[in-house]
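In what follows, a single structure is set out as structure tokens and then discussed.
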Amino acid sequence: MLQSDDYAKNWSLIPGKGEFYAGQGPHGMLLTSYLNESAFNTLEAKSGSFPDGSIIVKENYKPDKTLAAITVMVKEAGFAPGEGDWLWTKFGPDGSIQATGQPAGCVSCHG
């Protein structure tokens, strides 16, 4: 889905962040985050909970701007009600899946 949507070209950046903003652990030193339309509209309006179908893609970079990982959050009704129905997936720079579902590191901050 992310490839067919070409998120880096067609989705919005987090308002006020731009590309390569300073990150913090456990994410990369530099981050670029993209939001699909429903996630962007919710964040911009500060309207509370993200609706089902919201997707947030975070590109995690090393200090030299080399891609380290891509983390994706997808809001999916009924997936994990106790964690806000978010599905997380972490991809390596080669596209391999490194973690998916409810990784403890994701849930502890975002769940």
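Some notes on this structure:
- Apart from one condition, LEU67 fits all of (1) in contact with a Ser or Thr (Cβ under 7 Å, 6 or more places away or on another chain); (2) modelled with pLDDT of 95 or more; the exception is (1).
- For ASN36, the conditions (1) buried (at least 17 other Cβ atoms within 10 Å of the Cβ); (2) at pLDDT below 95 are fulfilled apart from (2).
- Residue in region 54-74 that is more than 15 Å from the chain's Cα centre (by Cα), farther than 19 Å from LYS17 by Cα and outside any strand (DSSP E or B) present: no
The values are calculated or read from the model by the stated rules, or taken from the named source; none is laboratory data. What you see is a predicted model, and the numbers here were worked out from it, not measured in a lab. Glycine gets a Cβ as well: all are built from the backbone with ideal geometry, and neighbour counts include every protein chain shown.
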